[in-house]
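Rule-based calculations on the coordinates, nothing more; no lab input. Here the structure is a predicted model, which is why all the values come from computation and not from measurement. No Cβ is skipped: glycine too gets one built from the backbone with ideal geometry, and neighbour counts run over all protein chains shown.
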Amino acid sequence: MRDVVSGTATGAMPDAPELLCIGEALTDMLQQAPDQWISRVGGSTWNVARALAALGARTAFAGAVSRDLFGDELVRASAAVGLDTRLLQQVDRAPLLAIVEQGEPPRYFFVGGDSADLHFDPDALPEGWSGEARRAHFGGISLAREPLASRLIALAERLKEQGVAISYDPNFRNLMAHGYEPTLRRMCAVADVIKVSDDDLRGLFPGLGLDDAMTRLRAFNPDALYLLTRGGGVAYLSRGDAACMARAPAVTVADTVGAGDAAVAGLLHSLHRHPDRPLRAHLHAALAAGSAACLQRGATPPEAATVSRLYDQLQAEGVA
């Protein structure tokens, strides 16, 4: 059985979202001690969606979650930050779980051989769901799990044909170690914005130095806007021959879970709301959102006021 949370399957969609995040929502199981675990809502693309909604953008998450306490909590947490839930489907399948071993950075493995996320059905979305879309974000493990991955790649290509700007964050995990390159090439080819970390580059291009790996990635789509985050709070934003570097503002870090996703949201929000900003200002927006996320434990959406304060600080200091 399948349903679409809060919405109808017929008729034009009122107040259709302008920003879409399409992929996986899951539950992180965090080890606190050898026999103690806690659960937290998460998922790369869903984290970006929540952060965008918290920043005030008209955003929807499209994906499937289970019809149980785990799925219900994902629906509740979506609504709590004002995320449009009309594209969120609940299905009678097991939840997708990420088992997170403690450490910095955290280490993950996933449980969900036939879990709810794999049963997302784009054809069941409400009529007019993409009519107002300006940007759509893809990435994470949803693009490494079939049959979902093929559906999402095809969906990204269709949205691109409609004039929707595509963003992509591979967010490398071990299940991408083999056979992922065709997906990487295809998604890079369609993407207007591509975000990677230095850890992503090491996983995607094993054996290559970071500079060579970045050159290899850029060759897949020389015209895209690239956000590269590196250790020590350093990030680069580039398009063609134009590039800039900046450092994140100093904050008291609770943890870094979800910081990369928040940085993506900060960049996309800046591009959406302030398209005429110079490259460095967009980079500052990304760093401000990522740093704000580090002030709270777990993949908690950054507070808009904190993001604005950190952005103003970076702009005033001209950090580079």
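Summary of computed values
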{"item": "Dipole magnitude (debye, nearest 20) for the stretch 93-144, charges at Cβ of Lys, Arg, Asp, Glu", "result": "180 debye"}
{"item": "Proximal charge balance of Phe172 [Cβ under 11 Å; K/R count +1, D/E count -1]", "result": "-2"}
{"item": "Cα centroid separation - the stretch 178-195 against the stretch 15-43, whole Å", "result": "23 Å"}
{"item": "For Leu210, Leu268, order by how many other beta-carbon atoms lie within 10 Å, fewest first", "result": "Leu210, Leu268"}
{"item": "For the chain, calculated [θ]222 nm from helices alone, where every DSSP H run of n ≥ 4 adds -39500 (n - 2.57)", "result": "-10500 deg cm²/dmol"}
{"item": "Convex hull (Cα only) mean projected area of the stretch 70-122, reported in nm² to one decimal", "result": "4.8 nm²"}
{"item": "Euclidean distance between Cα centres, the stretch 287-320 to the stretch 149-167, Å", "result": "30 Å"}
{"item": "Fluctuation leader among Thr215, Thr256, Thr27 - the chain, Gaussian network, Cα springs under 10 angstrom", "result": "Thr215"}
{"item": "Dimensions in Å of the stretch 177-218 - Rg and Dmax from alpha carbons", "result": "10.0, 27"}
{"item": "Paramagnetic label zone (point 7 Å from Cα along Cα-to-C-beta, Arg247; backbone N under 18 Å) in the stretch 284-309", "result": "284-292"}
{"item": "Gain on full stretching of the segment that runs from Gln31 to Asp312 - 0.36 nm per residue minus C-alpha separation", "result": "97.5 nm"}
{"item": "Loop-located chymotrypsin sites (Phe, Trp or Tyr not before Pro) in the stretch 189-282, at most 16 other Cβ atoms within 10 Å (DSSP)", "result": "none"}
{"item": "Rel. contact order, % - alpha carbon contacts under 8 angstrom, at least six apart, the stretch 178-281", "result": "20 percent"}
{"item": "Local net charge near Val264, Cβ-Cβ under 10 Å (Lys/Arg +1, Asp/Glu -1)", "result": "-1"}
{"item": "Calculated log₁₀ intensity ratio I(q)/I(0) where the Debye formula runs over C-alpha points of the stretch 129-276, q = 0.14, 0.20, 0.22 Å⁻¹", "result": "-0.69, -1.41, -1.65"}
{"item": "Antiparallel bridges, percent of DSSP beta bridges restricted to the stretch 2-317 (to nearest 5)", "result": "50 percent"}
{"item": "10 Å binning of all Cα-Cα separations within the stretch 28-187, expressed as whole percents from 0 upward", "result": "10, 38, 39, 12, 1, 0"}
{"item": "Assigned charges on the beta-carbon of Lys, Arg, Asp, Glu; the chain dipole about Cα centre (debye)", "result": "500 debye"}
{"item": "The stretch 31-72: chymotrypsin sites (Phe, Trp or Tyr not before Pro) falling in loop per DSSP and having at most 16 other Cβ within 10 Å", "result": "none"}
{"item": "For the stretch 119-167, Kirkwood radius (reciprocal of mean inverse C-alpha pair distance, Å)", "result": "11.4 Å"}
{"item": "Spread of Cα-to-Cα distances over 20 Å intervals beginning at zero, given as percent, for the chain", "result": "35, 60, 5"}
